[in-house]
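Reading through the structure tokens given below for one structure.
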Amino acid sequence: MLDSLITSKTRLRLLIKFFSNPEIQGHLRGLADEFGESTNAIRKELNNLAEAGFLVRIADKNKIEYQANPHHPLFNNLQDLIRKYLGFDRLLEAVLERMGDVDEVVLTGDYARGMDSGKIEVLVNGSSLNEDYLQHLSTRVEELIERKVNFRVNESFSSKESLVLYKK
């Protein structure tokens with residue numbers, strides 16, 4: 001859906017990278033390596049997004065890091081759009097529907113780092129959770145969002161490598 005609106009695959013991948021988790025930072029060469037694209041293609045899109053105000057440039061020694069601009073008037077709208085494109089809204093709705101007393105839902109792994117790899121790692125913490133429902137839920141969510149989903153229950157996580165979708 002979003003890929004027909006944003007025809008540049010590089011731009012779409014950058015928007016996913018920076019707006020799925022606004023804490024993510026990236027620099028030109030690292031992004032080019034991660035996406036398997038030329039630095040020129042990445043540079044062009046980074047410059048366009050920065051000039052439009054969607055990204056901010058952060059000078060870090062000899063590198064320029066880029067990060068989503070939370071002060072842009074369309075930041076929340078764009079973040080919601082990207083998260084809906086990735087299916088986070090449907091995933092969260094499905095988890096909260098019948099899992100029990102959920103305290104928090106956290107993404108870890110690739111999606112927490114802003115990488116659309118097709119495999120979502122989800123950590124569900126809470127008390128009296130319906131763990132039997134997880135197998136059914138996993139299959140249902142995978143069909144809804146067309147991505148592989150791996151659920152874990154009541155585990156600790158590193159806040160640096162995570163994205164909180166829901167917190168009670």
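The values are calculated or read from the model by the stated rules, or taken from the named source; none is laboratory data. Because the structure is predicted, anything quoted here is derived from the model rather than measured. Methodologically, a virtual Cβ is constructed for each residue, glycine included, from the backbone with ideal geometry; neighbour enumeration extends over all protein chains shown. Areas reflect the complete protein model, heavy atoms only, side chains present, ligands, DNA and RNA absent. Shrake-Rupley method; radii C 1.70, N 1.55, O 1.52, S 1.80 Å.
Before moving on, here are some points about what is shown:
- For segment 12-48, a residue qualifies if it is modelled with pLDDT of 90 or more, surrounded by fewer than 18 Cβ atoms within 10 Å (Cβ to Cβ) and among the charged types (D, E, K, R), and the qualifying residues are R29, D33, E34, E37, R43, K44.
- In segment 127-168, the residues that are open to solvent by 20 Å² or more (accessible area, probe 1.4 Å) and of a type in the set (V, I, T): T139, V153, V164
- Taking segment 127-168 as the range and being among the polar types (S, T, N, Q), farther than 20 Å from P22 by Cα and free of Cβ contacts under 8 Å to residues at least 12 places away in the same chain as the test, the residues that pass are Q135, T139, S156.
- Verdict on G87 being open to solvent by less than 70 Å² (accessible area, probe 1.4 Å), among the small types (G, A, S) and modelled with pLDDT of 85 or more: yes
- Among the residues of segment 113-136, those that are touching a strand residue (DSSP E or B) at 6+ places or on another chain (Cβ under 7 Å) and within 14 Å of G87 (Cα to Cα) comprise G118, K119, I120, E121, V122.
- Pairs meeting the criteria (first residue in segment 91-104 and closer than 12 Å to V141 by Cα and open to solvent by less than 60 Å² (accessible area, probe 1.4 Å), second residue assigned to a strand (DSSP E or B) and not aliphatic (A, V, I, L, M), beta carbons under 7 Å, at least 6 apart or on different chains) are L92/Y166.
- The requirement of being hydrophobic (A, V, I, L, M, F, W, C), surrounded by 15 or more Cβ atoms within 10 Å (Cβ to Cβ) and without any contact (Cβ under 8 Å) to a residue 12 or more places away in the chain is fulfilled nowhere in segment 52-66; no residue meets it.
- The residue pairs whose first member lies in segment 112-126 and is open to solvent by 10 Å² or more (accessible area, probe 1.4 Å), whose second member is among the hydroxyl-bearing types (S, T, Y), and whose beta carbons are closer than 6 Å, counting only pairs six or more residues apart or on different chains, are E121/T108.
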